[in-house]
Structures are given as C-alpha cells and as structure tokens.
Amino acid sequence: MTRRTDLDALRIVLCAAVILLHAFMIFSADPYYHIKSAQPSPFASIAAEFLRVTAMVTFFAIAGYAAVTSLRRRSPLQFMRERALRLLVPLAVGIWTSGTIIKYVEMMHGRDLGLHGLRKARTLQAMLDVEPDVPLGFFDFFPRNLGILNLLTWSHLWFLAYLFLISLMLLPLLLWLARRAPNSAKLNAVVLYLPALPLGLYVTASHAYWPYLPNLIADWANFIYFAMYMAFGAAIAAWPGIEVQMRAQAPRFAVLMALAFIGVAYFGVSTAGRVFVGVTAWFAVCTALGFATRYKPSATAALTYLTEATLPVYIIHHAALLLIGLEVMNLPLPVWGKVAVVWLATIAVSLAVYHWLIRPWRPMRWLAGMSTAPAVSARDSAAAEPALSR
C-alpha cells in the first residue's frame, strides 16, 4: 500500500494546531477552559475560535479516509478490536494520568469543568471530604480522585472516545465503502460547494458547537456533526475523484473559508454565527485536504518519526501545557509572546517525554495506542497506520 505522506504531514500540522489552540485558550474570552488569564485578549479569542472551528473536523475527515483503507485489509472484527486497543486503552490511561493533572491544576485555579458545565471549584478538602485546615498536595489528590466521578476528566481526550463510538456507529457504511471498487470518475466541482450551507443550517438547528463542551452525554449535536465529517472522509477513500477536484479548487476553498470565518468572528454566539461555523468548517476541510495533495512531502525519517509521535504527543501535551501556562501567563510579555512560549515549550516537553519515556518501551507504546515495535525508517512505516487516524 502506498503511504499517504500528505495525510501524515497534515496530521502533524493538525496536532501542532491543537496545541496552539490550547495555548490561545488560556488568553481567550471563552470561559470554558481549565485555566484563564485575568485579562482576555481579542487576538487570542479570534485565533482560538478559528483553530477550534477548523482543526477537529479535519481530523475526523482524515480518520474516515483511514478507516476505509483499513477495512480493505481487515475484517470488521479485526478493525474494531484494533480501534479498541488504540483508542480506548490510551483514553483510559490518559484519564487516569494526564486527566488527573489537568483536573488538579483546574481546581487549584478555582475552576470546575464537568458534565455540569463550568462552576467555581469547591476546595479540594471539601471534594475529598477531609478537614478544611488539612493541607493537600497533588499526591493527596491522586489517586483518591480516581474514585470520584467529578474529579475525573477526559479533557482533550474526548476525541478518542468520539472517534471510537463514531467508528462503531458508521461501521456498516465504512464497510460498504471499503468493499466497493474505488470510483476514479472526476466529480463535478459544484458538488463540493453544496454541503457548506446545509452543514451551517444543521449547526444552527441543532444548537451545536457553542458552548464547546464535548462530554458526549449532552453533546449529541456535535457528535453527529463530527460523524458527518468522518463519513465525508470515508467517501473520499471510495471516490478518489473527489480529491482531484479538492486539489483543483483548494485556493477557492481557502478564500471562502476566510470569508466565512469573518462571519463567525462578526456574529459570534448567535444563529448567524452558527451558520458561519458550519460553512467555515466545511471549506476548511476541503482546503486542508486539497492543499495537502498539492504539496505531498517525500517519505523521510523525520516524517516517519513525527507521524508516529502524533498520538502520544496529543495525549500528553495538555497537562504539560497547563503547567507551563501557569508559569507563563502572568509574565510581562505581550499575549502573542506568551502564546508562542507556551506552544513551543509544550511541543518540546511533549516530544521529550515521547522520545525517552514512551517510544523505546514496548509497554509504554501499547499504553499510548502505538504498535509495540517502532518504525525505524519511512519504508518500515509504510504498512503502519498513522496514529491519529485510527
């Protein structure tokens, strides 16, 4: 099977974009985040909104493509078994480890995000039912928090849970597309413009997207929304002619994405704003996939390394980012400088943890949702599925 290095590179970019999004969220006006700067920044608010509208839907589209290509080589049972191992195992481990750090930092910052939404945090002493004058540190919080639902969070790991459940829900469609012969006929370009408005109307009618709290239980509108993008990615795998048109139309898609996002920024949380969210997201996915095919990189050792690192880095980055953010957000620097420091430092720390604590060790690789043997070259990785597509 020919390796889709363009999709590998796009996953790496998207992983970096999600880390950047979380760095911006510290300084944005959106209250639904684990830690917040005292002074929100309009620049950070706009940048965070753009990344949030565009990044995750693109991840789901890529995942749909990868699911169909995987099912061409696996039975449905093998496919779901692999999904469980590579999504649910790191989800559980991430909740117990990274999620514990995130929840501790969040509550020490006076915030409590959960199924209830956002509220002022009770003291740890009250949550753990100990005397109010007893000092509590992290290792007083952990592992006692593991037995209290309100002291657990999956935070950014919602993506793994949603991806597993959507894969299960769409399995009949994915299997049907995988068993069809790929249709190489070129699609009429107009067809790729048509879904934008219906998606915007869906976001509006279902009151999706805002507030952005992917907790599954009260988030079915967004769950279905992400499933639509995964189905679109699956359709691309079955109809390569779609990619031909996305490649050709990519510059136009980029212009329409930018214009639609102006609508998001102008109207904000409103009926019109939700319409523009759907339109922006659609053209963002088409733009990303179209330009990715235009600038397909060569298979290199660096690309192989970073492709394999995407899932572990995605899992571990958020706890590191919050700890770094606590130290940086009150420094006498402009917001863009603080964001840059948090972003770059988080990437560096996450890659270091991956390189020395996860990559060399088979048990750690398994816990992080990776294959147990590292790919040592671009050729060796050609048969391996990319991390954040599973």
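With both labels modelled 7 Å from their Cα along Cα-to-Cβ, the HIS355 to THR123 distance reads 4.4 nm.
Here is how the number arises for the chain: DSSP H runs of 4 or more residues each give -39500 (n - 2.57), the sum is divided by the residue count, and the result at 222 nm is -20500 deg cm²/dmol. In this structure the amide hydrogen of ASP112, modeled in the peptide plane, comes within under 5 Å of the amide hydrogens of ARG119, ALA121, none closer than 5 places in sequence on its chain.
Which of rounded, prolate, oblate describes the stretch 209-364, given a ≥ b ≥ c as roots of the alpha-carbon gyration tensor eigenvalues and a/c under 1.5 marking rounded, otherwise prolate only if a/b is larger than b/c? Oblate. The percentage of C-alpha pairs in the chain whose separation is greater than 34 Å is 27%.
All other residues whose Cβ lies under 12 angstrom from that of ALA17 are scored, Lys and Arg at +1 and Asp and Glu at -1, for a net of +2.
The residues neighbouring ALA189, those whose beta-carbon lies less than 15 Å from its own, together hold a net charge of +2 under the Lys/Arg +1, Asp/Glu -1 convention. Using a/c under 1.5 as the rounded threshold, could you call the stretch 66-186 rounded, prolate or oblate? The axes a ≥ b ≥ c are square roots of the C-alpha gyration tensor eigenvalues, and prolate needs a/b larger than b/c, oblate otherwise. The shape class here is prolate.
For the stretch 1-385, the number of Lys pairs with C-alpha atoms closer than 18 Å, counting only pairs eight or more positions apart or on separate chains, is 4. So if R0 is 30 Å, what FRET efficiency would VAL190 and VAL269 give, r being the distance between their Cβ atoms, rounded to the nearest 0.05? Efficiency for this residue pair is about 0.40.
With a cut-off of 15 Å between beta carbons, the residues surrounding LEU289 carry a summed charge of +3, where Lys and Arg count +1 and Asp and Glu -1.
The numbers here are math on the coordinates, done by the rules we state, and not lab data. All of these numbers come straight from a predicted model, not from anything done at the bench. For neighbour counting, all protein chains shown are included, and Cβ atoms are generated from backbone atoms with ideal geometry for every residue, glycine included.
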